[in-house]
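Here, each number is a calculation from the coordinates, and none is a lab measurement. Since this is a predicted model, take the numbers as computed values, not measurements. Note: ideal-geometry Cβ built from the backbone for every residue, glycine included; neighbour counts use all protein chains shown.
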Amino acid sequence: MTGSRRRLVGLIYVLFFLFTTATIVREFADIFTTNFMLETPLLVFSIGIVIASAYAVRNGLEVFTRVNEIILPLILVMIALLVIFI
């Protein structure tokens, strides 16, 4: 392959993964917006998903999962309190 063909194939790959990522982020943000937090703008969830994903890619999934091990008990306590008092 020549240099221009390689660049074209590379551009096609980049565009494919960019559009796929945008679609996945949009779908997850739509699920959160329509099912859980109706008044929250879609952009808030989209930015949150992108930041969490970038953090996981940058620091590795091990760091991300260890943080979630710490946060999970707090979330479970909050959910239990909501169920009890509401």
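Here are the numbers for this structure:
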{"quantity": "Extension gain, L82 back to E62 (0.36 nm per residue minus Cα-Cα distance, nm)", "calculated": "4.2 nm"}
{"quantity": "The chain: mean projected area of Cα convex hull, nm²", "calculated": "8.1 nm²"}
{"quantity": "Label-to-label distance, nm, for residues given as D30 and I75 (7 Å Cα→Cβ offset)", "calculated": "2.3 nm"}
{"quantity": "Calculated FRET value between I47 and Y13, using beta carbons and R₀ = 30 Å, to 0.05", "calculated": "0.75"}
{"quantity": "Sequence of E62, E39 once ranked by neighbouring C-beta atoms within 10 Å, starting from the fewest", "calculated": "E39, E62"}
{"quantity": "Dipole in debye (nearest 20) - the chain, about Cα centre, beta carbon charges: Lys, Arg +1; Asp, Glu -1", "calculated": "600 debye"}
{"quantity": "In Hz, Karplus ³J(HN,Hα) per residue of the stretch 75-81 (6.51, -1.76, 1.60; θ = phi - 60°; x = Gly, Pro)", "calculated": "5, 5, 5, 4, 5, 4, 5"}
{"quantity": "Karplus-derived HN-Hα couplings along the stretch 9-17 (A = 6.51, B = -1.76, C = 1.60, θ = phi - 60°), whole Hz, x at Gly and Pro", "calculated": "5, x, 5, 5, 4, 4, 5, 4, 5"}
